[in-house]
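Heads up, the thing below is written out as structure tokens.
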Amino acid sequence: MHGVASVVLERRDRPYVEGRIRAGVLEQGTVDLLAEAGVDARLRSEGLVHHGIELALDGVRQRVDLSELTDGKSVTVYGQTEVVRDLIGARLNIGAPLLFGVDGLSVHDLDSAAPRICYRKQGRPHELACDFIAGCDGFHGACRPSIPAGALTVYERVYPFAWLGILADTPPPAKELIYARHSRGFALYSMRSPSRARCYLQCSPDEDIALWPDERLWEELQRRLGDDGNRSLKPGPVLEKSITPMRSFVAEPMRYGRLFLAGDAAHIVPPTGAKGLNLAAADVHYLAEALIAFYGNGDEARLNRYSERTLARAWKAQRFSWWMTSLLHNFAGSSAFDERVRKAELQYVLGSRAALTTLAENYVGLPF
Ligand code: DHB
């Protein structure tokens, strides 16, 4: 939109990228960014605006009024998969280069003014001469490992559990998402549409999906989410089952020469609170602003501050995701005392307007 030419290189093919089930809660800032970029038409018509969430403790649910606690802010439930489809469609529509099925990608001369990307497409080698490289290639991508090890500091935490996620057709047991802490472990009810649910259960990182036939899944979800009198989750056809591992990870700084890392390439959050995609969108907001300033008037100040600005916000989202995760999960091997303190913390949060305000302002998203 600002006349800066770009090429997007994607390792996978289009059906894979457009079919992968990811998280589904967009902060207001993410919605605004998509609107600014003119890719919000379907989001406006199909996204579900939510003004609250429910928190459940041992099957007893309580609504948290996010809007009331944050001067009217809300979140939008709209699958990341749909965002990706919209972005791909918009890019192809304007004829901007987006190459699928790129392999053997490597980045070079990062600390020069003319970095290069080498890759193969249909077996043939190619080289792309760049002004800048945006390393938006995820945790396992090629960009971050191309930064000399001595130039990066890594902070990491791996959690002793994972999420077993399902996509299923069933009517909603509540109008909003339900985050549940239960003596048997965490559970989450989310949705993709008024008739399609996305649910998660805390499980072990090496959980065998084969041990979770649909019947067991529904029973466990019902138990942990509670039924709030008459609103219980009804079993329905399960369309997908998968395991999500949990980790916190940050690599600093997010820039090396002319390479700028964004999203999972630089930081991973555990999924509780749905910050992953929103953090990536915030990085893109800062990076786009910096590149627009550079190409507009040669101003490099924003590029120079990119890492500092984006990390300052990303660390706050790390803290929140870690806190939501700690608050709602059972930690195998932790002492009975620690478990009771964690339960008492949720009881305190549920009864304190100050604590609920802290939760709400982080959940709807901190300002850019
Ligand atoms: C979803 C995922 C999350 O991690 C979360 O906190 C809320 C919703 C989802 O997939 O819909």
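The values are calculated or read from the model by the stated rules, or taken from the named source; none is laboratory data. Keep in mind the model is a prediction, meaning the values are calculated, not measured. Reconstructed Cβ throughout: ideal geometry from the backbone, glycine too, with neighbour counts over all protein chains shown. What goes into the accessible areas is simple: the full protein's heavy atoms, side chains included, and nothing from ligands, DNA or RNA. Shrake-Rupley method; radii C 1.70, N 1.55, O 1.52, S 1.80 Å.
Points worth noting:
- Rounded to the nearest 10 degrees, the inclination of helix 336-351 to the longest alpha-carbon principal axis of the chain is 90 degrees.
- Choice from Leu48, Leu92, Leu164 with maximal GNM fluctuation in the chain (Cα, 10 Å cutoff): Leu92
- Solvent-accessible area, 1.4 Å probe, carbon plus sulfur percent, for the chain: 53
- Distance (nanometres) between label positions extended 7 Å along Cα→Cβ at Val158 and Lys175: 4.3
- Cα-based helix-to-principal-axis angle, 276-297 vs the chain, degrees rounded to 10: 30
- Taking the Cα centre of region 234-302 as origin and assigning +1 to Lys and Arg Cβ atoms and -1 to Asp and Glu Cβ atoms, the resulting dipole is close to 340 debye.
- C-alpha long axis of helix 80-93 to longest principal axis of the chain, angle in °: 30
- Magnitude of the charge dipole for the chain, about its Cα centre and with charges confined to Cβ atoms of Lys, Arg (+1) and Asp, Glu (-1), is about 220 debye.
- Selected from Ser352, Ser67, Ser307 as most flexible by GNM, with the chain as the system and alpha-carbon contacts under 10 Å: Ser352
- Pairs of Cα atoms nearer than 8 Å and 6+ residues apart set the relative contact order; for the chain it is 20 percent.
- Vicinal HN-Hα couplings computed from phi for region 131-139 (Karplus, 6.51 cos²θ - 1.76 cosθ + 1.60; Hz; Gly/Pro x): 8, 9, 10, 9, x, 10, 10, x, 4
- Gyration tensor verdict on region 77-206 (Cα atoms; rounded if a/c is under 1.5, prolate if a/b is larger than b/c, oblate otherwise): oblate
- Among Pro271, Pro237, Pro171, residue whose mean-square fluctuation peaks in a GNM of the chain (springs only between Cα atoms under 10 Å): Pro237
- Remark: relative contact order (region 4-76) = 30 percent; criterion is Cα-Cα distance under 8 angstrom and separation of 6 or more residues.
- Which of Ile133, Ser112, Leu350, positive extreme of dipole for the chain (C-beta unit charges): Leu350
- Global form of region 297-360, assessed from the alpha-carbon gyration tensor, a/c cut-off 1.5: oblate
- Heavy-atom accessible area order for Val8, Val60, largest first, 1.4 Å probe: Val60, Val8
- Cα gyration tensor shape of the chain, rounded if a/c is under 1.5, else prolate or oblate by comparing a/b with b/c: prolate
- Just so you know, the averaged projected area of the alpha carbon convex hull for region 216-368 sits at 13.2 nm².
- Each residue, Leu98 and Glu300, gets one label point 7 Å from its Cα in the Cβ direction; the gap between the two is 3.3 nm.
- Counting only DSSP H runs of at least 4 residues, each contributing -39500 (n - 2.57), and dividing by the residue count of the chain, the helix-based mean residue ellipticity at 222 nm comes to -11000 deg cm²/dmol.
- Solvent-accessible heavy-atom area per residue, rounded to whole Å², over region 156-222 at 1.4 Å: 40
- Karplus-derived HN-Hα couplings along region 146-151 (A = 6.51, B = -1.76, C = 1.60, θ = phi - 60°), whole Hz, x at Gly and Pro: 7, 7, x, 3, x, 8
- Selection from Pro235, Met191, Ser204 lying farthest towards where the dipole of region 177-235 points positive, charges on Cβ: Met191
- Ordered from highest to lowest accessible area with the whole protein assembly present and a 1.4 Å probe, Ser321, Ser335 read as Ser335, Ser321.
- Here region 233-368 is assigned +1 on the Cβ of each Lys and Arg and -1 on the Cβ of each Asp and Glu. Its dipole about the Cα centre then comes out at about 300 debye.
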